[in-house]
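Working notes, structure below.
The values are calculated or read from the model by the stated rules, or taken from the named source; none is laboratory data. Remember, it's a predicted structure, so these values are computed and weren't measured experimentally. All Cβ positions, even for glycine, are placed from backbone atoms using ideal geometry, and neighbour counts span all protein chains on display. When the accessible area is computed, the model is the full protein with side chains, heavy atoms only, and any ligands, DNA or RNA have been set aside. Shrake-Rupley method; radii C 1.70, N 1.55, O 1.52, S 1.80 Å.
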Amino acid sequence: MKNKSLSQLVRDYSAGEINEREYREMRTKLIQDIVVGNTIIEKTKYIPPTNQKNNTGIKKESKNKKKINLQNKRPLFIAISVLGIVSIILIIGVLTLR
């Protein structure tokens, strides 16, 4: 096995260059080598995506705001209504049993 990183193994597996069995075997060997100390982990240099933040680190406001579809709120309204009715029935039931 070449000296690969875990992220490279994942990329190879998702691209179809290695199958699941090979991926799992190589991942196991890599993790064991890291734990034993045979493989040195290099620090990765993370670069955040540039399209979400400007130079000041503040997120840009989206000009294309989505309008809320009122039909999406109906199931929530129905669930709250049913819970309200059930709680009223339970309260009345408890008060009548006393």
- prompt: Which members of region 20-44 meet the condition of being loosely packed, with under 10 Cβ neighbours inside 10 Å and more than 13 Å from Ser7 (Cα to Cα)?
  reply: Glu20, Arg21, Val35, Val36, Gly37, Ile40
- request: Quickly run through region 46-88 and pick out the residues that are among the small types (Gly, Ala, Ser), assigned to a loop (DSSP other than H, G, I, E, B) and either over 30 Å from Ser7 (Cβ atoms) or modelled with pLDDT of 60 or more (or both).
  value: Ser62
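Please go through region 1-12 and pick out each residue that is open to solvent by 90 Å² or more (accessible area, probe 1.4 Å) and either closer than 30 Å to Asn64 by Cβ or under 25 Å from the mean Cα position of the chain (by Cα) (or both). Steps first, please.
Taking region 1-12 as the starting set, the residues that turn out to be open to solvent by 90 Å² or more (accessible area, probe 1.4 Å) are 1-3, 11.
Scanning region 1-12 gives a single hit, Arg11.
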